[in-house]
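The values are calculated or read from the model by the stated rules, or taken from the named source; none is laboratory data. Only a predicted model underlies this, so the values are computations on that prediction, with no experimental measurement involved. Quick reminder, even Gly has a Cβ in these numbers, built from the backbone with ideal geometry, and neighbours come from all protein chains shown.
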Amino acid sequence: MTMSAQLPPGLQLEKVDERIMTLNVGPQHPGSGHMRIIVQIDGDYIVACDPDPGYVHRGEEKMAEYRNYITNIPHLERPVIHDSCNILYPYVLGAEELLGIEVPERAKYVRVIAAELNRCVYTLYWLAIYGIFLGHSTMFMWPSGDRELFIDLLEKLTGARVTHAYFIPGGVRNDMPANFEDVCLRQVRYFEKRIAEYSDIFYDNPILISRTANTGVLSRNDAIRLGTTGSVLRASGVDYDVRKKEPYDVYDSLDFETNVLKSGDSYARSKVPWLDMMESCRIIRDALSKMPKSGSVRTKLKPNPKGGDTSVYKRVESGRGALGCHIVSRKKPEPYRVKLSVGSFRNLIAMPYLLKGEKLGNMPSVYWSLNYWPVEADR
Amino acid sequence: MEFELLACGGRQIMSVIAPTFRLSYFLKSILDNVFWIIVLVTLVGIPAIQIVLFYIEMPVINGELLTPFLALTWLADPSRAIPIVKAFMYTDFFRIAVFPGFGLAALVAAGTIFVERKMLAKLQLRVGPFYCGKVEGILQLAGDGLKLISKEIIIPAKADKPIFWIAPVAFVGTAAAFVSLIPVAPGWVVADVELGVLAVFAVIGFFPIVTVLSAWSANSKFPFIGGIRALHQMISFEIPLILSLLGVVMLAGTMSLTGIAESQEFIPWIVFLPVGAIVFFICILAELERIPFDLPEAESEIVAGWLTEFSGMMYGLVQLGTYLKLYAFAALFTVMFLGGWSGPMLWPPFPEEIITDGIQLGPITATIPGLPLLDQAMLNGVLWFLLKTVAVIFFILLPRGVFPRIRIDMLLSLGWYKLIGLSFINIFIALALLYAGVLGPGGII
């Protein structure tokens, strides 16, 4: 007893109750990600669940205070390297407002296309892990393979497979290659055919439906009260998408829908990102057709630009929900403070409420359907 | 790229994209494999054969008993080879270790692992094992085995060490005992038990015990949960498994597996008892802990379940046991529902002159008469048996690419409510057929 009293809460060895066992799921667990979930189980039922993030905290926000507005770009995308366009988006929008830069019209369209391609890359990766968490190895391999389509496109566009560092204050780093539009349309057409097959093997699978339907139900009121965002919020019946509600760049001129499902269970939460990918394809096609065919994509900056004595807050819709960036400027080349408000962390807050009273077998599906990326939450 | 290929002495360079097929590489890889097979046979195989020869009864040739030291003279005198092989085939050692027993089962198990990996890879748009052995990754399994043997065996500090050591061996032993009950061809079975079906049930009953012992002795939380899950799963699926076989036992009128296989010489029981066959197949999947019933090893929930603390060759032994068990269950399905070895004669008959005169190959004359393995009916039986078993194994492997894992409460309700109900319906069908006088002892068919 004396020894265990000195141990941190999750590692205590004494039994709280004869019936209750404490499990440390993670960080060295195939079903945890870069975090620990302390689960207390009574038989097969979860009595209490305490998610414990912070294993991959790297102090990105603090590091941003020592770099100027341009050199911040490559490292601010590290929290989600496979959604790097979207995580840079609010920072870039904010920096443009602070530095007073005008963005060319063509650059706005290119940004939207890159952001939607990147959203698909992220969602496919997330879907692959959701598949393997449920023991469905084909659903791990298929999205992993189809993800290459978009990674190839982004490589063509930006020069890197991941960590693109493509968005900069004043536009994008370089223009599209000459044949990008044709290749992009071809890949997107093929992908839309492929994504329809996912429903055959995964979303219409009777075992999957009976396993994830009515588990971890998040009601509409709870979803709003707990502050969840993105696909989790939309799966609970709230029609909220930053792209629609506070359109940035050219999203207000594009034709797309938001997908809202009513049930709020793990199944709906896993289905909304899949439906969103179809909308992403629509957005890409629409943006390619409406885009100005020529023109500049970048407004050149002065060396070491300085912001005013103000602060700015910008929000975008990332793959995991609303992603905000608060930049405080104090008339210096470096920002005084950069704060990222990420969807992952907001969605994680709902996890203890959802898992209480669930069976242990539902833990992976509920956990991963929250659209949570541990590295982004830790920043 | 071309220069690099030449610089590496024509070897393939590891790359993400599969290299194009080249006949010269293909031939060279086959030659490489043949070379290593010859080296291993000379250095390991022949000494091992010499050791075995001390334990078998040697034949009498020209009035004198052949000693093991003279056994290798068959290399110079092929006429001596036939009696030696014949004497070896009549030993119990051969039956247990080679033909209907462990050797055949291990061979099928190894083939199953390879086919499973390649088939799953094709299903998932991958190539699967590709480089090891150079021809489509054919030696991947040997490489994995070598890796497992060379790894350190780590025992948890608080484990119950004797039981933890015994558990993998006991698991393989139980699986091998199960294999020994399966008749492969008429007369070819290791243990021909009169109450064969009951013996099978008795052996199957050992698996949960071994699983729970290994899980509990590891003294760790995840193996414990996995072991309890395995116990729940195996016990609740054992009942429909036993009940679904009762229909066949009633219709065949015998409990001997050989007798059951012989009873369906013309029509297999799956025609009359499809419900029982389906129930039995689902129970096989659950007993084997295969997807969608792999809850005891559910990776994302409980790491690797009851296998979590096994390392190195202990894990390899458990895997070997699992695949032996897979073969045994598929073979049991073949014997109970698909008619075992019965089937139309496919094997070509031996010409009479070969049996009387032997084969003339230049200066060498080899006589074959009376070799038990070269009996035409027996070869045909083995062929049909293996074809059917491989087909069943294929259907056991297939769900892995299609289904996700189900939950423990769904699993238990499936086992206790639906499958037991269905297996009783199967028994009623069998009883109806029996009392209507259609089937069974003295029936119309």
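A residue that is within 30 Å of residue B:399 (Cβ to Cβ), in contact with a Ser or Thr (Cβ under 8 Å, 6 or more places away or on another chain) and within 14 Å of chain A (Cβ to nearest Cβ) can be found somewhere in the stretch B:124-146.
Residue B:235 meets each of the listed conditions (1) modelled with pLDDT of 85 or more; (2) out of contact with any Pro (no Cβ under 9 Å at 6 or more places or on another chain); (3) part of a helix (DSSP H, G or I) apart from (2).
Yes/no matrix, rows are residues, columns are (1) surrounded by fewer than 24 Cβ atoms within 10 Å (Cβ to Cβ); (2) of a type outside the set (Phe, Trp, Tyr); (3) over 28 Å from residue B:118 (Cβ atoms); (4) away from chain B (no Cβ under 13 Å):
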{"residue": "A:117", "(1), (2), (3), (4)": "no, yes, yes, yes"}
{"residue": "A:120", "(1), (2), (3), (4)": "no, yes, yes, yes"}
{"residue": "A:125", "(1), (2), (3), (4)": "yes, no, no, yes"}
{"residue": "A:129", "(1), (2), (3), (4)": "yes, yes, no, no"}
{"residue": "A:133", "(1), (2), (3), (4)": "no, no, no, no"}
{"residue": "A:137", "(1), (2), (3), (4)": "yes, yes, no, no"}
{"residue": "A:141", "(1), (2), (3), (4)": "yes, yes, no, no"}
{"residue": "A:145", "(1), (2), (3), (4)": "yes, yes, no, no"}
{"residue": "A:155", "(1), (2), (3), (4)": "yes, yes, yes, yes"}
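Just checking, which of A:248, A:166 is of a type outside the set (Gly, Ala, Ser), over 20 Å from residue A:321 (Cβ atoms), away from chain B (no Cβ under 14 Å) and touching a strand residue (DSSP E or B) at 6+ places or on another chain (Cβ under 8 Å)? Let's see the steps before the verdict.
Numbers: A:248 fails: over 20 Å from residue A:321 (Cβ atoms).
Of A:248, A:166, the one residue that is of a type outside the set (Gly, Ala, Ser), over 20 Å from residue A:321 (Cβ atoms), away from chain B (no Cβ under 14 Å) and touching a strand residue (DSSP E or B) at 6+ places or on another chain (Cβ under 8 Å) is A:166.
If you check B:157, B:175, B:170, B:202, which single one turns out to be modelled with pLDDT under 90, among the small types (Gly, Ala, Ser), assigned by TED's automatic domain parsing to the domain that holds residue B:328 and on the phi < 0 side of the Ramachandran plot? Working first, answer last.
On the way: B:175 fails: modelled with pLDDT under 90; B:170 fails: modelled with pLDDT under 90; B:202 fails: modelled with pLDDT under 90.
Matching residue, one of B:157, B:175, B:170, B:202: B:157.
Of all residues in the stretch B:392-411, those satisfying the criterion of being closer than 25 Å to residue A:142 by Cα and aliphatic (A, V, I, L, M) are B:393, B:396, B:397, B:398, B:402, B:406.
Within the stretch B:220-261, being within 13 Å of another protein chain (Cβ to nearest Cβ), over 24 Å from the mean Cα position of the chain (by Cα) and not aliphatic (A, V, I, L, M) holds for B:220, B:221, B:222, B:223, B:224, B:226, B:229, B:232.
Restricting to the stretch B:323-353, give me the number of residues that are surrounded by fewer than 21 Cβ atoms within 10 Å (Cβ to Cβ) and assigned to a helix (DSSP H, G or I). Steps first, please.
To start, the set of residues in the stretch B:323-353 that are surrounded by fewer than 21 Cβ atoms within 10 Å (Cβ to Cβ) comprises B:342-353.
Okay, now just the ones that are also assigned to a helix (DSSP H, G or I), so B:352-353.
Adding up the residues that qualify gives 2.
Checking residue A:272 against (1) of a type in the set (Val, Ile, Thr); (2) under 27 Å from residue A:217 (Cα atoms); (3) surrounded by fewer than 20 Cβ atoms within 10 Å (Cβ to Cβ), only one condition comes out false. Which one? Status for residue A:272: all satisfied but (3). Anything in the stretch B:398-440 that is within 14 Å of chain A (Cβ to nearest Cβ) and part of a loop (DSSP other than H, G, I, E, B)? List them, or say none. The answer is B:402, B:403, B:404, B:405, B:406, B:407. When residue A:325 is tested against the conditions (1) crowded, with 18+ Cβ neighbours inside 10 Å; (2) out of contact with any Asp or Glu (no Cβ under 9 Å at 6 or more places or on another chain); (3) not in a strand (DSSP E or B), the lone failure is (3). Per the conditions (1) in contact with a strand residue (DSSP E or B) (Cβ under 9 Å, 6 or more places away or on another chain); (2) in contact (Cβ under 8 Å) with a residue 12 or more places away in the chain, the sole criterion not satisfied by residue B:268 is (1).
Results for (1) among the charged types (D, E, K, R); (2) at pLDDT below 90; (3) over 23 Å from residue A:169 (Cβ atoms); (4) part of a strand (DSSP E or B), shown as yes or no for each residue.
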{"position": "A:331", "(1), (2), (3), (4)": "yes, yes, no, no"}
{"position": "A:334", "(1), (2), (3), (4)": "yes, yes, no, no"}
{"position": "A:346", "(1), (2), (3), (4)": "yes, yes, yes, no"}
{"position": "A:353", "(1), (2), (3), (4)": "no, yes, yes, no"}
{"position": "A:363", "(1), (2), (3), (4)": "no, yes, yes, no"}
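Here the condition is being closer than 30 Å to residue A:205 by Cβ and surrounded by 19 or more Cβ atoms within 10 Å (Cβ to Cβ); of A:307, A:343, it holds for A:343 alone. Scanning the stretch B:131-148 for residues that are loosely packed, with under 15 Cβ neighbours inside 10 Å, hydrophobic (A, V, I, L, M, F, W, C), part of a helix (DSSP H, G or I) and at pLDDT 90 or above turns up nothing.
Considered as a group, the residues in the stretch A:26-36 that are out of contact with any helix residue (DSSP H, G or I) (no Cβ under 7 Å at 6 or more places or on another chain) and surrounded by 11 or more Cβ atoms within 10 Å (Cβ to Cβ) include one that is modelled with the lowest pLDDT, and that residue is A:26. Residue A:175 fulfils the conditions (1) out of contact with any Gly (no Cβ under 8 Å at 6 or more places or on another chain); (2) among the charged types (D, E, K, R); (3) assigned to a helix (DSSP H, G or I); (4) in contact (Cβ under 8 Å) with a residue 24 or more places away in the chain except for a single criterion, (3). Filtering the stretch A:366-373 for residues that are away from chain B (no Cβ under 14 Å) and of a type in the set (Val, Ile, Thr) leaves an empty set. Restrict the check to the stretch A:88-108 and report whether at least one residue is within 30 Å of residue A:202 (Cβ to Cβ), among the aromatic types (Phe, Trp, Tyr) and away from every other protein chain (no Cβ under 14 Å). Yes - at least one qualifying residue is present in the stretch A:88-108.
If you go through the stretch B:274-282 one residue at a time, do you hit one that is in contact with a helix residue (DSSP H, G or I) (Cβ under 6 Å, 6 or more places away or on another chain), free of Cβ contacts under 8 Å to residues at least 60 places away in the same chain and on the phi < 0 side of the Ramachandran plot? Yes, the conditions are met somewhere in the stretch B:274-282. Say whether the condition of being hydrophobic (A, V, I, L, M, F, W, C), part of a helix (DSSP H, G or I) and modelled with pLDDT of 90 or more is met by at least one residue in the stretch A:257-270. Scanning the stretch A:257-270 turns up at least one residue that is hydrophobic (A, V, I, L, M, F, W, C), part of a helix (DSSP H, G or I) and modelled with pLDDT of 90 or more.
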